[in-house]
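Structure record follows, encoded as structure tokens.
Each value in this text was obtained by applying a stated rule to the coordinates, not by laboratory testing. Note that the structure is a prediction, hence the values are computed from the model and not measured. Using ideal geometry, Cβ is built from the backbone for each residue, glycine included, and neighbour counts are taken over all protein chains shown.
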Amino acid sequence: MNRKKLQKLTDTLTKNCKHFNKFEVNCLIRLYYNLVGDITERQGTVNGLDRNAFRNILHVTFGMTDDMIMDRVFRGFDKDNDGNVSVSEWVYGLSLFLRGTLEEKMKYCFEVFDLNGDGFISKEEMFHMLKNSLLKQPSEEDPDEGIKDLVEITLKKMDNDHDGKLSFSDYEQAVREETLLLEAFGPCLPDPKSQMEFEAHVFKDPNEFID
Amino acid sequence: MGVALGRLVQWTAPGHGTRVLEKTPLNEAILKEIIMFAESFIYKHPQEAKYVFVEPLEWKTDLNPSAFESGYVVSATTVKSEESDENGQPLLFLSVPQIKVRSFGQLSCFLLIAKDTKLKEAQACIEGNRNPVAKILGLDYNTMKEESSILNILDKITKDNDTESEIKMKIAILLKQLDVNLLNHSLKCISLEIPLHPAAVKNDIELLKRFSGKGEQTVLESIKYTSDYEYPNGCRAPPWRQILGEICYVLVKPHDVETLCITCSEEGVFLNGGKTDDEEINYERKGVIYKDLVTCLKEKSAKFSENMSKQKTRFNEELQKEKNKPNETPKKEAPGALRKAIPGSDKTMLEKNQINFGKSNMIKRLEPSLNWKTTIDSKEYNVFRHRVSIHEERHGGRVEKSAPSVSAGKAQLIRKSGEKVEEIVSESSSESEEDEEPPDHRQEANADLPSEYWQIQKLVKYLKGGNQTATVIALCSMKDFNLAQETCQLAIRDVGGLEVLINLLDTDEVKCKIGSLKILKEISHNPQIRRNIVDLGGLPIMVNILDSPHKSLKCLAAETIANVAKFRRARWAVRHHGGITKLVALLDCAQNSAEPAQSSLYDARDVEVARCGALALWSCSKSYANKEAIRKAGGIPLLARLLKTSHENMLIPVVGTLQECASEENYRAAIKAERIIENLVKNLNSENEQLQEHCAMAIYQCAEDEETRDLVRMHGGLKPLATLLNNTDNKERLAAVTGAIWKCSISKENVTKFREYKAIETLVGLLTDQPEEVLVNVVGALGECCQEYENRVIVRKCGGIQPLVNLLVGINQALLVNVTKAVGACAVEPENMMIIDRLDGVRLLWSLLKNPHPDVKASAAWALCPCIQNAKDAGEMVRSFVGGLELVVNLLKSDNKEVLASVCAAITNIAKDQENLAVITDHGVVPLLSKLANTNNDKLRRHLAEAISCCCMWGRNRVAFGENKAVAPLVRYLKSNDANVHRATAQALYQLSEDADNCITMHENGAVKLLLHMVGSPDQDLQEAAAGCISNIRRLALATEKARYT
């Protein structure tokens, strides 16, 4: 990609991106094409980061482990649902991922957790997301009992209108009360440590980028 | 056997003729063991049974010669055994009532013959032979120490190497075994005994009270304590009896017998000697020890036993209910259950008792209460003096320099820093636990537990076995419990939650750490939890978190540390792990004014970080070493900077820390240098009462320093202080404000200001109906103010003298020191003096000379001086105090310089009346004053010289001073640097120089040259006295010369 095109792309993306400055956007674009380039070398032509490549990044760079959550994060990034993260999706996605406000993050997390996209996090969805969260104790008669109980506890804590499922407003209210509940059903945002490492790595000394 | 007999057997108290064995179950058990050993000896060890003792065991027996049968030669009063030793001496010889036994064989036979009286005989034998092992084996075997016994024995064998010593050795080993047996056995016995606990006894008595009263159905007619006063440890026995384990005494009137006076002690319940004529209790035990009150009364009163069985069900129910109260200290079982338990049939019960033994006997030993009801102050004073002496060592001359005017204040300060001294001591020594240690009560497993307990237990399970997501959910849910409630706090601990929470702090998961700290922060308000957190090593981890890049984590950690560091060991741990430096670093955050809004989940505002840091430092600053650490870490300038903010919740911890630290000289200097006073004064005008209080307190601490007092005035701090005086509802604040006023009024300019603000009138109004902490300061302030004429008049006009004189009868020493000073200051005005005289204030002052506290004595003596000066008919008044003059003279034997100086001053005034001078001369004032002459203390020198010069006016006192060698030291006073000493000394020398011998002494000691120098002084009195003295010396010289040549 030539410099002019890059410059233009950077300008457009910077205009629409709240949380990154021009330099940062530039860095991210370069990173994106590096990543895509790596894949192209291996697989031939591609349209962007596909699900596997993206999950790989999430796992390696941001230390995420839960397959289901990673899938949901991918969907969160892939706004046009074409199975690939494009360069603009990449920059916008990371803007929220790394720098988003609490409101943005709440919205994003809720979408991640609302597995079927019906606007509610149901008991079943919760169970699904939490099912690996407890150490299985062989002594327990019903291995799922603990999970069920945990779901009940969560509902008791977050379900303000007592309808047995979480609406966005339930979720929002609970998170505003206790920010720790933002990622209540699994880590879908980078943990602060890997975030710092990522930023330090990507937004390195600006002088290197002055061509 | 020696060890068991020496250590375990319970002898009666010495001092009642020969010591006998007490009749206790333990002794009985030991005796039985010994009997069994001796009885079976002849069968088990026939060889050794023939061994002849080195010395016979001798005792008085009740056994009749007729009881002996075959194998013995029996006559009317003697019995000889047929068995005899090599020399033909019988091995058993009885000559009524004395019996001598010389072998185990005979001992066995004898016990068989004794049959039923075995026990008595064995007891008599043990009592008669206090060291049986020595008698049996000879002294050298007895000296064997436990540690090396076997070696010693082997040694013996190799040395003598004959059959006799082999047998001896065997016996020695057998006796040793018996000893071990006895020890084990008695251990079992002891472990069966459950020591009574004050709470248990109290419960019993309360219960019995409920079932007592008139009528046939009640169990008792009445039951009551002999003393209404209960010490804080729950005992009612006087402290010197508490040492013996006695808890209380009760007077019980059963229906069918006379009133019983019963002692309840840790060991059990027994009858004592009853009340003697002079209302004292005869503490001596009469009769056996019972396990508890109910058992005892059942034995003593049939009616009680009968009615008790009727009531039994109800009573036991009650008792059970008492027992099941949550958090109750382990108490004894219901009486029925207990009796069942003793035979040991019920295994679980036995086990439980043993556990109880371990718990209560070891941990809950009765501690005699030190809070003596009547002598409370002298106790406090002793401790206090002790602290002061340590303090003096630590801080060089700081205490010594305390002038009389500030001594009371110093005393207070020292009292404050006493804590700190203690701290140093304990910190350097190994961890001795602090007195404030609360009893650690765990919830009993089977007690009725609240539902929260189970819910929390479940959550802790998820904490343990969950991944990050589950952990966060569990933490958030746990946070929804009422963590301010003790049940929840203890539930978290008791299900092992504390360990998990602290472990979480050690992970990398920021969210888990935040969640965990949020809970720890709340539950660490509980003193027990604090200790548990420290015990589990929570503090070092939290200190590490202070380095975290996440501000909200820093905040939470600092806040939790602030809660935990409320006791000494915790503060030590914080410092020890470098926490102080990190906390001080937190204070530095608040500088970047252009802060981004909360950018991430884990960020808090910088101001908040600084606030939490200050909060933690406030808690930590209660330790002396931490104050130093804060200063060294550069905390003072940072605190000074934070003080400029206007957030109240920031200012309170900052000022709190400063106030805490201002007890240190270093800090006071730094506070002055950093211009902190200005801001303290500014914050006096705040709306927040707590902030006002801490500011006033800080000023109180700092205003010992003159420059600081001026600063307070210059920054306009006096007016708000005076204004705050009018609000008397908040006593803590009032105490701090009055304290600040007291210290500030040491400067005259400040006093003038206070007068302008009408503070004097307000202070007089505060002389009544205030707590002592306030009174001390109010009176102190008045004492300072009354150094000026105008104020003395104001105090009189506002009617302040009467309440002041009334306060002279108090017992609080700090208060008395200040009151005497204030009364003394008022007495300078003759009109005030009339009022004081009318209220009999002088007599009250005089009686304070008997106060045990030297500061009070001295202050009272100083106050007497103006009283005597200004009273009408002072001489007559002084004489009217019976024994008063003798008392004053005897105070010259004190070893406190301040007391001595003040008494000298008082004597100076007393001696102005000829008749009184005659009386004190009779009481030997001259030799006592002379004895004091060798001192380097200028204050004492001055007043001593004045007293001497006044006392010269009577009889042959001048000569007597010379005879008592007071003159030479006085001459040396002239070399002092203090002009006051010079004047007083010159006057004294002038008086003394009327006697020829004294002149010679003076001349010999080089007084003339020194005096000649003084003649040139600008001080007229000094000039005159020096000149007079020289002229007397000169005249004597001339007279001698004249005599020589004529």
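Summary of values
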quantity	calculated
Cut-off under 5 Å, modelled amide H: who pairs with B:Leu767 long-range	none
Longest exposed-site-free window of chain A, the sites being trypsin sites (Lys or Arg not before Pro) in a DSSP loop that have at most 16 other C-beta atoms within 10 Å	A:137-203
From phi via Karplus (6.51, -1.76, 1.60), per-residue ³J(HN,Hα) for region A:6-22 in Hz, x at Gly/Pro	4, 4, 5, 4, 4, 4, 4, 5, 4, 4, 8, 10, 6, 9, 10, 8, 4
Shape category assigned to region A:3-100 from the gyration tensor of Cα positions, a/c cut at 1.5	oblate
Partner chain coverage, peptide A:146-157 - average Cβ within 10 angstrom	4
DSSP-assigned coil residues among trypsin sites (Lys or Arg not before Pro) in region B:919-972, each with at most 15 further Cβ atoms within 10 Å	B:Arg956, B:Lys965
Span from the region A:44-73 Cα centroid across to the region B:617-640 one, whole angstrom	51
Shielding by other protein chains, A:124-135, mean Cβ within 10 Å	3
Packing rank of B:772-785, B:287-300, where each peptide gets the mean count of other beta carbons within 10 Å, highest leading	B:772-785, B:287-300
Inverse of mean 1/r across different Cα pairs in region A:103-181, Kirkwood, Å	13.2
For region A:106-185 versus region B:982-1020, the gap between their alpha-carbon centres in whole angstrom	100
Order of B:Ser548, B:Ser309 under a 10 Å beta carbon neighbour criterion, fewest first	B:Ser309, B:Ser548
At most 16 other Cβ within 10 Å, DSSP loop - trypsin sites (Lys or Arg not before Pro), region B:27-68	B:Lys50
Neighbour cut-off at most 13 other Cβ (10 Å), DSSP loop, GluC sites (Glu not before Pro), region B:685-719	B:Glu687
Protection-proxy order for peptides B:565-571, B:850-856, B:912-918, each taking the mean of Cβ atoms within 10 Å per residue, highest first	B:565-571, B:850-856, B:912-918
Distance-filtered residues of region A:90-120 - backbone nitrogen under 19 Å, label point 7 angstrom along A:Asn81 Cα→Cβ	A:90, A:93, A:108-120
Inter-part distance where region B:714-737 and region B:214-264 are each reduced to a Cα centre, Å	50
Nearest-ten-degree value, helix A:67-77 long axis tilted from longest Cα axis of chain A	50
Fully extended contour minus Cα-Cα distance, from B:Asn1005 to B:Glu756, at 0.36 nm per residue	84.2 nm
Per-peptide average of other Cβ atoms within 10 Å, ordering B:212-225, B:258-271 highest first	B:258-271, B:212-225
Amide proton proximity set for B:Tyr290, modelled H, under 5 Å, gap of 5+	B:Val269, B:Phe270
Local electrostatic count, B:Asn957, Cβ distance below 13 Å [Lys/Arg +1, Asp/Glu -1]	-2
